[in-house]
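The values are calculated or read from the model by the stated rules, or taken from the named source; none is laboratory data. Quick caveat, the model's predicted, so the values are computed rather than measured. A quick note on method: Cβ atoms are made from the backbone with ideal geometry, for glycine too, and the neighbour counts reach across all protein chains shown.
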Amino acid sequence: MSDPRRLARRARMLRWLLNLYPPYLGAGIRIQHIGADMRSASVRMKLARWNRNYVGTQFGGSLYSMVDPFYMLLLMETLGRDYIVWDKAASIDFIAPGKGPVYAEFHVDDALLDDIRQQTASGKKYLPRLQVDIRDGAGELVARVDKTLYVRLKPQARQA
């Protein structure tokens, strides 16, 4: 996926599709941005009747849902078709109640991509651990999500 224009079109299409995805629509989750190079994304979730818990704050399942697929999707797109990328594990630490809109930002940098390529060059699996913070409108930490991904070079792409 080396053509920047094609990658930018894929980013726009992915954002459009995710914003129409029924579970995201129902939870009030909105993808605000996916970088044209597929290395970044930002997500917002408003607080509404349908994603509010018993005490009137953001429902924990919705907080996790808003961040669930993004590292996997970004890595799939930036690493390309020669790699298998799956979510393997996740945990969420609830820090403070989300009493209004909340936000999360994702970034995939060259160091991460280089590390993944180096660790998987021989065909072994690699389990990178990534973290994303969910913050409120004032920038206060609401929750921290730790994600472990499974990444492996596909057999046909491995070095002999």
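Being of a type in the set (S, T, Y), assigned to a strand (DSSP E or B) and farther than 19 Å from L153 by Cβ is true for just one of S65, S42. Which residue is that? I'd like the intermediate steps shown before the answer.
Numbers: S65 fails: assigned to a strand (DSSP E or B).
Of S65, S42, the one residue that is of a type in the set (S, T, Y), assigned to a strand (DSSP E or B) and farther than 19 Å from L153 by Cβ is S42.
Step by step: first the residues of region 95-133, then only those that are part of a strand (DSSP E or B) and in contact with a helix residue (DSSP H, G or I) (Cβ under 6 Å, 6 or more places away or on another chain), then the one that is surrounded by the fewest Cβ atoms within 10 Å (Cβ to Cβ). Which residue is that? Only one residue fits best here, namely Y126. None of A36, A41 is more than 22 Å from T148 (Cβ to Cβ) and either of a type in the set (G, A, S) or surrounded by 15 or more Cβ atoms within 10 Å (Cβ to Cβ) (or both) except A36. Going through (1) polar (S, T, N, Q); (2) surrounded by fewer than 14 Cβ atoms within 10 Å (Cβ to Cβ); (3) under 19 Å from L141 (Cβ atoms) one by one, Q58 falls short only on (2).
If you go through region 25-36 one residue at a time, do you hit one that is of a type outside the set (A, V, I, L, M, F, W, C) and modelled with pLDDT under 95? Yes - at least one qualifying residue is present in region 25-36. R10 meets all of the listed conditions (1) within 17 Å of L130 (Cα to Cα); (2) in contact with an Asp or Glu (Cβ under 8 Å, 6 or more places away or on another chain); (3) of a type outside the set (S, T, Y) but one, namely (1).
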